[in-house]
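Input: a single structure, listed below in structure tokens.
Values in this text are rule-based calculations from the coordinates and carry no lab data. Source: prediction; values computed, not measured. Quick reminder, even Gly has a Cβ in these numbers, built from the backbone with ideal geometry, and neighbours come from all protein chains shown.
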Amino acid sequence: MTSPIPDDGIRRSKTGIPLPGPERPSRPDWALDETDLHKSMDSVPLFMSSLPEDASDNPLIQALQDLAYDGTPEEVAENFKNQGNECFKQGKKFYKDALLFYTNGLEVFCKDDKLNETLYVNRAACNLHFGNYRKVLTDCAHALKLNPKNVKALFRSAKALFALEMFPEALDCCEHALLNDPDNQPVKDEQAKIKAEFERREKIRIEKELREQKIREKKLLIEGALEKRGIRTAATPGFKPDHPHEIQLDQELNQLTVPTFFLYPEHNESDLIQAFNEQDTIGEQLAEIFYEAAPWDPEHKYKPETVQTYFETEDQGGNIGLMKVGLNVKFLTVLTHKKHVLRDGLARFIVVPKEDTQWKKDWLAKYGK
């Protein structure tokens, strides 16, 4: 026979021991969740580890907050400091709460300089974790104003300055910290790290400056050589060369070499000569180019003696023309011609067959010839 169910709804044995079964009532709504007690306690204002976003709408939470400010400013600030320290000790997950507690402590504006100094330094530790380096420096500056010998403030300032790549200032903070605490190993380690990175960056900076200085000096020498020879130059706005070659000056021989294009419009082909020496003749350069037949000239029709070479002229008004160049003409003679312009650091020659063809007549007609 089934045991009668008492008024409390719990079925028991004859000896009074509660028995399992569907008749056992569920836990009341106000009971804490026994499977996640920590989470449940965090929902109770008295046990909250951090405040919810709608805290201002909750009268109970507001009442508990008012209790936090009960006491003298020094007592309240001390209480916030201790709460912040407890949060900080629990790990990174609670640093945000710690930062809030330290801020609350500072906003009390107590008259205890030592306590305020600690609150600033502790808040700086939180901001350092979050990467708020400017705030770290501001908090540490306040702490150092209260106590210029605060090693923690100097140490955290050094770490923030290092992160901001302000290496001399970071080293200065380390030096001041070690003056007050010569055996502080963390400061020594930080100092060594900053010094190593600073020296590495300085080496890179100096090497870069030397490279740039050499480039500037080289450019000035080349500009001087061009001007001395009377070579006209010009730059096309927005022009970017599709090759890495530049005008070079052999200072020992006092000779220029210029990257030069030889264009073959009949076949829509070209050759780039990386360094055409100003003392070489047009014929010498063509002999090198046509020593072997080009893929586009399998019959080897293009030879120094079977082609005609031209360069484009440009007068002061910008009018373009065409001038024939003999095989024995030196490159320098072309460069210094009054109608030749060395544009964008490149020389250009146009090479066409000597024989008269309809293509050649049409091509010359473009230049009014």
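Across the cross-link table entries 218/338; 301/366; 240/301; 330/366; 135/188, which are compared at the Cα atoms, the separations over 31 Å belong to 240/301. Loop only by DSSP, 14 or fewer other Cβ within 10 Å of the Cβ. Give me the chymotrypsin sites (Phe, Trp or Tyr not before Pro) in segment 256-362 that pass, ordered by residue number. Sites meeting the loop and neighbour criteria: 291, 296. When you filter the trypsin sites (Lys or Arg not before Pro) in segment 90-161 for DSSP loop state and at most 13 other Cβ atoms inside 10 Å of their Cβ, you are left with 111, 149. Which shape class, rounded, prolate or oblate, goes with segment 248-365 when its Cα gyration tensor gives a ≥ b ≥ c as root eigenvalues, a/c under 1.5 marks rounded, and past that a/b bigger than b/c marks prolate? Oblate is the answer for segment 248-365, as a/c is 1.5 or above yet b/c matches or exceeds a/b.
In this label model, residue 297 and residue 270 are separated by 1.7 nm, measuring between points 7 Å along each Cα→Cβ vector. Each peptide in 136-144, 216-224 receives the mean, over its residues, of other Cβ atoms within 10 Å, and ordering these scores from highest gives 136-144, 216-224. Counted by neighbouring Cβ atoms within 10 Å, the residues 197, 209 run from fewest to most as 209, 197. Checking every one of the chymotrypsin sites (Phe, Trp or Tyr not before Pro) in segment 80-167 against DSSP loop status and a limit of 13 other Cβ atoms within 10 Å picks out 109. Among residues other than residue 147 with Cβ under 9 Å from its Cβ, the summed charge is +1 (Lys and Arg +1, Asp and Glu -1).
With +1 on each Lys and Arg Cβ and -1 on each Asp and Glu Cβ, how big is the dipole of segment 248-365 about its Cα centre, in debye rounded to the nearest 20?
So the magnitude is around 440 debye.
Among residues other than residue 186 with Cβ under 12 Å from its Cβ, the summed charge is +1 (Lys and Arg +1, Asp and Glu -1).
Checking the a/c ratio against 1.5 first, then a/b against b/c, what shape does the Cα gyration tensor give for segment 70-112? Taking the square roots of the gyration eigenvalues as a ≥ b ≥ c, segment 70-112 is prolate.
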